[in-house]
Amino acid sequence: MTTPVCTSASDAATRSRPSATYPSFTSYVRARQPVLLRTARSLTANPSDAEDLLQTALTKTYVAWERIEDHRALDGYVRRALLNTRTSQWRKRKVDEFACDELPEPEPLPGHDDDPAEQQALHDAMWRAIMRLPARQRAMVVLRYYEDLSEVQTAEVLGVSVGTVKSAVSRALGKLREDPELGLVR
């Protein structure tokens, strides 16, 4: 007969939280997962690693859910967990890359024949064009398209009406379409 290695720890966990579930945690994850995944992707080079990193950070957040007093600061808590987890992974990593004489080039995907340098040039040109927008329009474009907020959420964050968000974003997109630097990159 085998005995579990960690009986005392598993028994203590069961006694302290008998099959505890947190509906607020579930709704938080559903609402904030895209934004947190973008943060995780900025910390790793591989999208699959980013998903694993986010899963680990959310597990740590779930375990500490009852101890977190201010649920308005959850994004900061999860981002700190992401960063700490990534730092720990980085410190523990083993080197499994080997030098070779010839660099392998990935096969281009169908319909994605873009040169990475051209993609970066477009990205840079887009940010320069966004930075030339008036501050209010720039804030609305960033909240709508980079932070992926709805028109209603953007209006609430900026303290304006939904109609103001719609018209300002429309004007901003028109300016971006007419931007001469973006026309050269297209």
*If you go through segment 96-109 one residue at a time, do you hit one that is within 29 Å of TYR146 (Cβ to Cβ) and modelled with pLDDT of 85 or more?*
no
*What about ALA117, is it surrounded by 14 or more Cβ atoms within 10 Å (Cβ to Cβ), at pLDDT 80 or above and out of contact with any strand residue (DSSP E or B) (no Cβ under 7 Å at 6 or more places or on another chain)?*
no
*open to solvent by 40 Å² or more (accessible area, probe 1.4 Å) and touching a residue at least 12 places away in the same chain (Cβ under 8 Å): does that describe GLU178?*
no
_Looking only at segment 52-76, how many residues end up being modelled with pLDDT of 90 or more and open to solvent by 50 Å² or more (accessible area, probe 1.4 Å)?_
7
*Is one or more of the residues making up segment 154-163 part of a helix (DSSP H, G or I) and within 24 Å of ARG41 (Cα to Cα)?*
yes
*Looking at MET140, MET131, which one is open to solvent by less than 60 Å² (accessible area, probe 1.4 Å), at pLDDT 90 or above and out of contact with any Asp or Glu (no Cβ under 7 Å at 6 or more places or on another chain)?*
MET140
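The values are calculated or read from the model by the stated rules, or taken from the named source; none is laboratory data. Owing to the predicted nature of the structure, the values given are computational and were not obtained by experimental measurement. Ideal geometry is used to build each Cβ from the backbone, glycine not excepted, and the neighbour counts take in all protein chains shown. Side chains included, ligands, DNA and RNA excluded: accessible areas come from the protein's heavy atoms. Shrake-Rupley method; radii C 1.70, N 1.55, O 1.52, S 1.80 Å.
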